[in-house]
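The values are calculated or read from the model by the stated rules, or taken from the named source; none is laboratory data. Here the structure is a predicted model, which means the values were calculated and not measured. Glycine gets a Cβ as well: all are built from the backbone with ideal geometry, and neighbour counts include every protein chain shown. Calculation scope for accessible area: heavy atoms of the full protein, side chains included, ligands and nucleic acids excluded. Shrake-Rupley method; radii C 1.70, N 1.55, O 1.52, S 1.80 Å.
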Amino acid sequence: MNDDPILRVCTKIIVGPIILFGLYVQFHGDYGPGGGFQAGVIVAAGFILHSLIFGLKEGRKLISEKLNLFIMILGVILYGGVGLVSIYYDAEYLNYSILAHDTKHGQHIGILLIEFGVGLTVAGVMLILFHLFSSWQGKDK
Amino acid sequence: MAEFLINGFLIFLLAIIAVVAIRSIKIFSTVMLAGAYSLICAIIFVSLDAVDVAFTEAAVGAGLSTVLYIAAMRHLPKREKVVNDNTIFALIVCFGVGCLLIWASFDLPVIGDPMAPIHQHVGPYYISNTKPDMGIPNLVTGVLASYRGYDTLGETVVIFTAGLGVLLLLGDGKNRDKNE
């Protein structure tokens, strides 16, 4: 929690673009540097900046602990689920070529989905790590 | 020559930051210097053309771990305890291992050498087949997400498990500060 008006206003301005940049990194991972892992960290960094300046309580209003847990579980399930779908269509686990009529198209869809899964899990885990570390009160208090 | 100067300068900065971080007894400045160290590392990765690694290092090493350290710092004293142990033995061990590592580095192939063993294994296959197989230009994503999809699934599960472990250790509901 920080009362400095300069920090508060700057944070309000900058959090949106940070998350937007995270999404750009997420969905342009096939074409430029980046991918799910980096994107997840960047999006989490945006929310962490918000929590650092406006306090953990405000941060938990944006993303509640339940939603946070749901996000990190959903990422892993999405990743594993893509593999199961390709088994369903008689291909090897995580063989994306089967996901569309065209092999390349299928690979594209598969990579996009699993990168999104990685991004969700990483963002969720980073956010929950920050909240746990900063809200922990210590044993002897 | 310019490349040598830039790399030399960056390595020099790394060494200075490392020494100052070790010498400093204020924990806050040590944490910030660790972040700066990661940032310089990221710049070195960029100059080695490893943009994806540099991206990860900048985001995770310089950004997030610094924030996590700061969050964890609340539970630590402001200054380190100064211990005056006999450091001669540690110095000898560090110096010996450093010399061994430098000696071993003479056997490494030159950076960018196309005949290096690492470029003779599966690398050529990825380079020639990523575009026809997937139609995407970023080889790193192609290898990471498709050719090595299992590994990335494993990594994701590892991160998930780490988060779960910290949640079980710290988030039992009793020790939480609900008012901040």
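Structure notes:
- The C-alpha radius of gyration of the protein assembly as shown, expressed as a fraction of 2.2 N^0.38 Å, stands at 1.14.
- Loop-exposed chymotrypsin sites (Phe, Trp or Tyr not before Pro) per DSSP, neighbour cap 16 Cβ within 10 angstrom, longest uninterrupted part of chain A: A:32-88
- Number of Lys-Lys pairs in the protein assembly as shown with C-alpha atoms under 25 Å apart and a separation of 8 or more places or on different chains: 28.
- Span-rule helices in chain B, defined as complete DSSP H runs reaching 15 Å or more along the axis (Cα) with Kyte mean at least 0.5: B:2-23, B:27-47, B:88-105, B:149-170
- In the stretch A:5-135 the Cα-Cα distances spread across 5 Å bins starting at 0 as 2, 12, 17, 19, 16, 13, 9, 6, 4, 2, 1, 0 percent of all pairs.
- With helices as the sole contributors, chain B gives -20000 deg cm²/dmol at 222 nm; each DSSP H run of n ≥ 4 counts as -39500 (n - 2.57), and the sum is divided by every residue.
- When you restrict to C-alpha pairs under 8 Å that are six or more residues apart and normalise by the size of the stretch A:5-135, the relative contact order lands at 29 percent.
- Chain B, accessible surface, carbon-and-sulfur percent (1.4 angstrom probe): 72
- When the alpha carbon coordinates of the stretch B:25-180 are projected onto the principal axes, the ranges are 55, 47, 24 Å, largest first.
- Three-way shape call for the stretch B:1-80 based on the alpha-carbon gyration tensor, with the a/c threshold at 1.5: oblate
- Dividing the helix sum by the residues of chain A, where each DSSP H run of 4 or more adds -39500 (n - 2.57), gives a mean residue ellipticity at 222 nm of -26000 deg cm²/dmol.
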